Amino acid sequence: MTIPFQLQRLGILMEPEPGNPQEVEGVLNPAAVRGRDGHLYLFPRLVAQGNFSRIGIARVKFNEVGDPCGVERLGIALEPEADYERTSHGGGGCEDPRVTFVEPLERYVMTYAALSPIGPRIAFAISGDLLHWKRLGLATFAPYEGIDFVHVDNKDASLFPVAISNHCGKMQMGLLHRPLFPGTRPEETACHEGLRQVDLDHESIWISYCPMPVKGCEPEHLGLFNSHHRLAAPVAPWARLKIGAGTPPILTRHGWMIIYHGVSDMAGSSNAAHHFCYSAGVMVLSEQHPREVLYRSAEPILTPTLPQERIGTIGNVVFPTGIDCRHDLGTPDRFDVYYGMADNRIGVARLNLPDSLPSGGVAAQPTGKV
């Protein structure tokens, strides 16, 4: 079967540096963004002993044909310092960043998972040059029809680069996020054999909104996120246990595109020992009304097949977090996708946009069974 969105692996881009204690347990799940100088910068999660995570800075190197081929390490963007990034036993983490240049602010905004004393929470930082970052604190959420987004773990967050329309037509800052309500982790949902009833409110990627800060100003914090909308829940078999947002939304001629992840059981798993597979798919949202899903992958565009994707800190994982449109090569339909490999390395793959959105994509909201 032909996969509509063609993706080609370009190779391993970054691995733990021998002798570097900050990377001894892995280099993974990077943000990717173009700087004002035109260079591409990565912000990988660097894992030291004891799962102590920092966010590094690296400049991507390209070969003679324009493919990414390596990195130059430039230092550390963030390391656990704030109370909400440190745990009570001395550990902590700044994890899995995404970086977006928010055009109304004329600033780069990083979303990342802060490993707080009560679990992972979404945090923000802001920068004018990608080298110096100022914390904006944790995301705050209004409740929604009895759903509490504040007192649960939350990860996989990213921002839209421009103001988008909420359900009332107001142009606001939009945030994708995946709250981890009790009972929604793969090890919990995997205990249901065969078809299971999906809790649509608690197993979905959400989109939430807050007022856009004043244009050109560097805010001290972001506003209260509300106007919540359930965007997408598990549908396809390859993502039946869990889905989560991946790369930040990027505008294409088909609409806003994100590369997201889905989790399924590995063949041979049993109730006694579940083994999971993290794959990647494509989702396209309406440009004018991003709450509307135009296309979703019926099949994954990337699954763990390489040894470096199947064997590592956590095996059988491809985890997309960074994306780069190759306008620099004059190919606006080419996107380079940066992803974590088995929670240990960073790979990159080339995604070619199809001429039109194919039919047969899973665009409708699920019925509740998967």
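A few remarks follow.
- Segment 27-49, subset over 19 Å from Ala349 (Cβ atoms) and touching a residue at least 24 places away in the same chain (Cβ under 8 Å), residue surrounded by the most Cβ atoms within 10 Å (Cβ to Cβ): Leu46
- Picking from residues in segment 163-183 that are more than 29 Å from Gln288 (Cα to Cα) and touching a residue at least 24 places away in the same chain (Cβ under 8 Å), the one that is least open to solvent (accessible area, probe 1.4 Å) is Phe181.
- Of the set (1) farther than 23 Å from Val317 by Cβ; (2) touching a strand residue (DSSP E or B) at 6+ places or on another chain (Cβ under 7 Å); (3) surrounded by fewer than 20 Cβ atoms within 10 Å (Cβ to Cβ), all apply to Pro237 but (1).
- Summed over segment 147-177, the residues that are touching a Ser or Thr at 6+ places or on another chain (Cβ under 8 Å) and not in a loop (DSSP other than H, G, I, E, B) give a count of 9.
- Matching residues in segment 178-210 - criterion: being assigned to a loop (DSSP other than H, G, I, E, B) and acidic (Asp, Glu): Glu193, Asp199, Asp201, Glu203
- Of the residues in segment 96-113, not one is more than 30 Å from Gly38 (Cβ to Cβ) and surrounded by 15 or more Cβ atoms within 10 Å (Cβ to Cβ).
- Scan of segment 184-214 for residues that are touching a Leu at 6+ places or on another chain (Cβ under 7 Å) and surrounded by fewer than 20 Cβ atoms within 10 Å (Cβ to Cβ), ordered by number: Pro186
- Residue in segment 280-288 that is crowded, with 23+ Cβ neighbours inside 10 Å, over 16 Å from the mean Cα position of the chain (by Cα) and without any contact (Cβ under 8 Å) to a residue 60 or more places away in the chain present: no
- Looking across segment 233-252, the residues that are out of contact with any helix residue (DSSP H, G or I) (no Cβ under 7 Å at 6 or more places or on another chain) and part of a strand (DSSP E or B) come down to Ile243, Gly244, Ile250, Leu251, Thr252.
The values are calculated or read from the model by the stated rules, or taken from the named source; none is laboratory data. Keep in mind that what you see is a predicted model, and the values were worked out from it rather than measured. As a convention, Cβ positions derive from the backbone with ideal geometry for all residues, glycine included, and neighbour counts pool all protein chains shown. Heads up: the accessible areas ignore ligands, DNA and RNA and are worked out on the full protein's heavy atoms, side chains in. Shrake-Rupley method; radii C 1.70, N 1.55, O 1.52, S 1.80 Å.
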